[in-house]
Amino acid sequence: MAHNNKGKRFENFVFNILDKKSLSLLVMLLIFISFVASMLMFPAKGVLAKMLPNKSTNTFTVYIDMPKGKSIGQTKSVARCVTNLLQKEKEVNDMEIFLGQGSPLDYAGLVKGSGMKQGEEFAEIVVNLSDKHSRKEKSYKMVQRLRPVIKDTCQSIVRGTVIKMIEMPAGPPTLASVVLEVYGKDNRKVILLAAEVADVLQVVDGLVDVDVMADERYKKYTLNPIADKTAQSGLSIKQVNQILYLAFEGMGVAVKNTIDLNNQIPIFVSLSEESQSIDKNTLELLRNKLGQLSLMNMKGVMIPLIEIVEIREELSVPMIYHKDLRTMVNVVAETDMVSQVYPLLQAREKMIQRFAQKYEITKEPGITTYMFDLHLQNKQTGEKFLLRFDGEMKVTLDTFRDLGGAFIAALILIFLLLVVYYKSFALSAIVLGGSFLSIIGVIVGHWIADMITTETFFLTATSLIGFIALMGISSRNSLLLIDFAQGLIKEKGMEKTRAIALASATRAKPIILTAIAIILGSALLASDPVFGGLGVALISGTVAAVMISLIFIPILLNKTKAI
Amino acid sequence: MIEEKDLSHIKTTDFAGSLAKNFLYNPLTAVLAIFLLAIGYLSLEIMPREEDPQISISGGSIIIPAPGLQPKEIEKILVEPLEQKLREIKGIEHIYAMSMENVAVLNVMYYIGQDRESSNLKLYDKVMQNMDMLPKNVMHPLVKPFDIDIDIPILGIAFYQNSNNLSYPEYLTEIENLKKEIASLDNVAKTQLKGAHKQQYNVQVDLAKLKGYHLSLGQIVKGIESIAVSVPSVKAQTKNNELVIFGIKNVIDSIKDVENIIVAQYMGSPTYLKDVATVIDSTDIQNKQSAYIIFKDGTEYEQITLSVSKLAGTNAVFVADDVNKLLKENKNRLTKLGIGCVVTRNYGQRANEAVNELIHHLLITIVIIAIMLVFFLGWRESLIVTFTVPAILAITLFIAFMTDQTINRITLFAFLLSLGLLVDAAIIVIENIHRHMHEEGSENRDMDELLITASDEIGAPTNVATLAIILTMVPMAFVGGMMGEFMKPIPYNVPVALLASLFIAYIFTPYLGKKLLSVSKPQEDEKSSETEQKPVTITRGENK
């Protein structure tokens, strides 16, 4: 009995609102205010947007990038420092160190170029943690806590070392959260500008692991064979090259075949380590060392190498990097548990300030996914540079743009469907407008979720998917309501306001039932790191959608003549 | 068992009503239910499982060694002309070129979703067509396509020696043999060793001694080269046409033979290699790559990681299980040999855990919804709605299986997302039946007529509303980029689930309603024992 009383009471409640103009207006005003208020949460940073949130996993990787030209021994000492620190962590099960190469490829490494790493300056440490279910600390929390400790202690061992802590991405991997592409004509100047950009990024809050992806220049020596002396002594330049390579790098000169092993055994000749090593990195000592090396010419006469070559000290030439045929240098940074949007905007502001003296700055016109780009022109030389914001930011913008497009397409499709069904633009617009208002619930839901969780709860791409799905759910509620009300008026000849109120009361039960089903269905989603946004969007959006369908839509229906 | 009954007198306007009418007494309805559940269960078991969905990223690297050239030269004569040529290929999104000392590396990324095979072919073709453009002194270019599904290993096994039972070459041979066995397993694509060193005889020449003996490095090389030659067997014939086969044995049989190579002779006394150099049977010292593993207790070993990747579209769980089984069989033997091994990466297990966890979530959600419905509608009604869920998911799973999808995190999220939506159709139908049954005068109504009319009544708005939700999902399939590719399972599966939910709701809700509910015994339901007073009945559509 109570049940039906409730139905009757609700019917009267709706009828009252519909009947009294002031009440109707009040409800409409309230909804309008909450809509505006929720939209204002974006500029007020009540709700932060991010593409995908962090995900707790059982593994993370430490990348060690030494300056080019450092030896494996130096790389090893840095790696050792990192493992010594990590060794103290209780939750670390084991660690794998890969020196001079990348670790076995994973999702993150695929785009971060881990598979391409080869050289004495690289090392990667895979840290395997205890199972995430039995571990209290989330892996991303742990990374955030350890990052400063590791960097402070180990980065200073060898100057120029960059240590990065790489987490498994929750969604599709990107090169880095923040990627700044510095384009220009001259490689050397681009590298210099990139270094300045990196300086700016270093001081922005929330950005970590800043790295300029260009080679550092280091001291090296070149041996120039003196052509006429070489010819006079009966040697060839090729011979000189070969012997030098053989002496210091070594060469396999022959092989031994084996029956019982899978491979041939090479016979590798080089100078002994003792004979190779040079006490200090100076020109003089190198000359002494090379002085001990002699070559035999065709006549069997020994000729000291030093007599036919000239040693010169010079700086190494850095690698030239092109992207899509243009000279470019990447500056990358990771975000430290925050959305990349806000540090990025801050960095952009700082860059504009810093470069304003030397450069003429023009912003990218129009709204595109490259809208943050800055064009720089040197005031003196007229050289042009482009600072392009790429990375996760670009992917986020692209995704949000595409999802926005999908959303608009969905709106148009639903509208057309409704027009076909009702043959009335007004009714279709009411259904659609009501559905759109469920965004209030989505935003408020995220705001509440952000307040109750200890970490920032971001509005993510999955929240948007949830919102798009909500549009459909919400319009279903309105549809059933309108259909029922129309039936009552046409068949029972009921008065319009009473029919709408009754329809609202009768449909309330299935609408609430399906809403509860959705809320319960999404409750488990809400706790998931990746699909939490979808869950929260569906839960809070559905609550809003129910209220809108049962109270707001009847008001609009009552006002329209289409019914 | 089921009596045939003429239902033609009941008018229906919507396909909801006609489905309800046609299946209400159809003996195949029950069979269909069992069949659906069976194919669903089979699909769940057979479908390949992975943690993350497959994203087809195609691209490749072109590596051109150019010894002796500076970055600037490489950029001008090698990279720039080649970049322009690569630009001609359709479907390439980005070209990254690195001009370094002695080598040029070009990385090509295709747009996401491009066909892998033809992309690889196009790249290779383009490079080969332009071989004539390559400057002199440049070596043959190496074109290496990368393939996300083959290149990302699903398993990593670290091997280490915890005693000195075996020499390094013997230890390496053990692991290489194991690698060979694993490579021969079904669906294993690529096996790779990281941190392994090759056996090598190292001749380390002492510069001072070399000077003392008045020798050059060149002489030492010549000395070794002259003796380490293998010659194929030689055949000769005897007078009786018999074949005599004799071969020249490789002189170097052991490390001792290398040591005793005579590199020079002076006044009749030979200088042996061991006089000027140390010769050791060890590993490739020029390879600076190495790998270690450090355990919780602080023990550290030099390790070799064997990584295993699977073929695209195959079940990560099965492949990982097969490899682990093989490993277990060999474990005892390896332990005896002093080789320890530990699995450091197991994506198969992770995929299985992720999938099982989500299936678990799915079940919990279904139970919660069922309990909620018991309170609002009664347990019989709740049972009917709860049955429709597995039936709908079964259809969706089967269709996903048929369209070569895999079960992964995103597919299951698509299911979880649709779960809230797909019970709606059934809830709306059952609620309407429930409402009709508890109306005044419903005691006298024919049950069949009631079920069909109730289904038919809400048919049109439910169809339109479900269609509206489907329409919201469809545009998501056109979202581009990585993210779009990543969440493809949502627009692929949610619409299917929703469509299935309509059919299932119209076919099975009235059918099960017929079996489980009855108007004649209203006391079955607590609430219905009270007199209902709602006067509303509409038979929408009949007037239209």
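Annotations
- Lone unmet requirement of (1) over 30 Å from A:GLY533 (Cβ atoms); (2) assigned to a helix (DSSP H, G or I) for A:PHE122: (2)
- In segment B:41-54, the residues that are modelled with pLDDT of 85 or more and of a type in the set (S, T, N, Q): B:SER43
- Strands (runs of 3 or more DSSP E) fully within segment B:253-328 counting 2 or more residues that are at pLDDT below 80 and among the acidic types (Asp, Glu): none
- For segment A:441-488, taking the residues that are more than 10 Å from every other protein chain (Cβ to nearest Cβ), surrounded by fewer than 24 Cβ atoms within 10 Å (Cβ to Cβ) and over 23 Å from the mean Cα position of the chain (by Cα), the one that is nearest to A:SER527 (Cα to Cα) is identified as A:ILE452.
- Qualifying residue in segment A:500-508 (condition: polar (S, T, N, Q), crowded, with 22+ Cβ neighbours inside 10 Å and farther than 23 Å from B:ILE369 by Cβ): yes
- Residue in segment B:370-377 that is surrounded by 21 or more Cβ atoms within 10 Å (Cβ to Cβ) and of a type outside the set (Gly, Ala, Ser) present: yes
- Remark: A:THR161 falls outside the filter, which requires a residue to be hydroxyl-bearing (Ser, Thr, Tyr), more than 23 Å from the chain's Cα centre (by Cα) and more than 9 Å from every other protein chain (Cβ to nearest Cβ).
- Listed by position, the strands (runs of 3 or more DSSP E) inside segment A:318-435 whose residues that are at pLDDT below 85 and of a type in the set (Asp, Glu) number at least 1 are A:326-335, A:384-390.
- B:ALA97 being facing another protein chain (nearest Cβ under 10 Å), among the small types (Gly, Ala, Ser), surrounded by 16 or more Cβ atoms within 10 Å (Cβ to Cβ) and under 23 Å from the mean Cα position of the chain (by Cα): no
- Segment B:148-202, residues that are touching a Gly at 6+ places or on another chain (Cβ under 8 Å), in a strand (DSSP E or B) and within 22 Å of B:THR335 (Cβ to Cβ): B:LEU155, B:PHE159, B:TYR160, B:GLN161
- Which numbered condition A:ILE64 misses (of (1) modelled with pLDDT under 80; (2) assigned to a strand (DSSP E or B); (3) of a type in the set (A, V, I, L, M, F, W, C)): (1)
- Positions within segment B:134-147 being on the phi > 0 side of the Ramachandran plot and either in a strand (DSSP E or B) or at pLDDT 80 or above (or both), in sequence order: none
- Segment A:70-121: number of residues that are charged (D, E, K, R) and more than 30 Å from B:TYR96 (Cβ to Cβ): 6
- If you filter segment B:74-92 down to residues that are of a type in the set (D, E, K, R) and within 9 Å of another protein chain (Cβ to nearest Cβ), you find that the one that is surrounded by the fewest Cβ atoms within 10 Å (Cβ to Cβ) is B:ARG87.
- Check on B:VAL385, at pLDDT 80 or above, in a helix (DSSP H, G or I) and within 23 Å of B:LYS21 (Cβ to Cβ): yes
- Any hit, segment B:61-73, residues being surrounded by 15 or more Cβ atoms within 10 Å (Cβ to Cβ), part of a loop (DSSP other than H, G, I, E, B), over 18 Å from the mean Cα position of the chain (by Cα) and among the β-branched types (Val, Ile, Thr): no
- Of residues in segment A:380-438 being among the charged types (D, E, K, R) and within 12 Å of chain B (Cβ to nearest Cβ), the one surrounded by the fewest Cβ atoms within 10 Å (Cβ to Cβ): A:ARG401
- Single residue of B:TYR171, B:TYR160 found to be under 29 Å from the mean Cα position of the chain (by Cα) and among the hydroxyl-bearing types (Ser, Thr, Tyr): B:TYR160
- Residue list for segment B:177-200, restricted to those being at pLDDT 85 or above, crowded, with 18+ Cβ neighbours inside 10 Å and within 10 Å of another protein chain (Cβ to nearest Cβ): B:LYS179, B:LYS194
- Screening segment A:308-317 for residues that are among the aliphatic types (A, V, I, L, M) and assigned to a strand (DSSP E or B) and picking the one that is farthest from the other protein chains (Cβ to nearest Cβ) gives A:ILE311.
- Residues in segment B:2-16 include none that are modelled with pLDDT of 80 or more and surrounded by fewer than 18 Cβ atoms within 10 Å (Cβ to Cβ).
- For segment A:310-318, the criterion of a residue being without any contact (Cβ under 8 Å) to a residue 12 or more places away in the chain and over 46 Å from the mean Cα position of the chain (by Cα) is satisfied by no position.
- Note on segment A:250-265: among residues that are over 11 Å from B:GLN200 (Cα atoms) and more than 7 Å from chain B (Cβ to nearest Cβ), the one that is modelled with the highest pLDDT is A:MET251.
- Complete set of residues in segment A:100-119 that are in a loop (DSSP other than H, G, I, E, B), of a type outside the set (Gly, Ala, Ser) and more than 7 Å from every other protein chain (Cβ to nearest Cβ): A:LYS117
- Checking each residue in segment A:509-558 for being farther than 22 Å from B:ILE410 by Cβ, away from every other protein chain (no Cβ under 11 Å) and of a type in the set (A, V, I, L, M) picks out A:VAL543, A:ALA544, A:ALA545, A:VAL546, A:MET547, A:ILE548, A:LEU550, A:ILE551, A:ILE553, A:ILE555, A:LEU556, A:LEU557.
- Any hit, segment A:46-59, residues being surrounded by fewer than 17 Cβ atoms within 10 Å (Cβ to Cβ) and either among the hydrophobic types (A, V, I, L, M, F, W, C) or at pLDDT below 85 (or both): yes
- Meets criteria (more than 30 Å from A:GLN242 (Cα to Cα), at pLDDT below 90 and surrounded by 20 or more Cβ atoms within 10 Å (Cβ to Cβ)) for B:ILE57: yes
- Any hit, segment B:397-408, residues being touching a Ser or Thr at 6+ places or on another chain (Cβ under 6 Å) and of a type in the set (A, V, I, L, M): yes
The values are calculated or read from the model by the stated rules, or taken from the named source; none is laboratory data. Please read all numbers here as calculations on a predicted model, not as lab measurements. For neighbour counting, all protein chains shown are included, and Cβ atoms are generated from backbone atoms with ideal geometry for every residue, glycine included.
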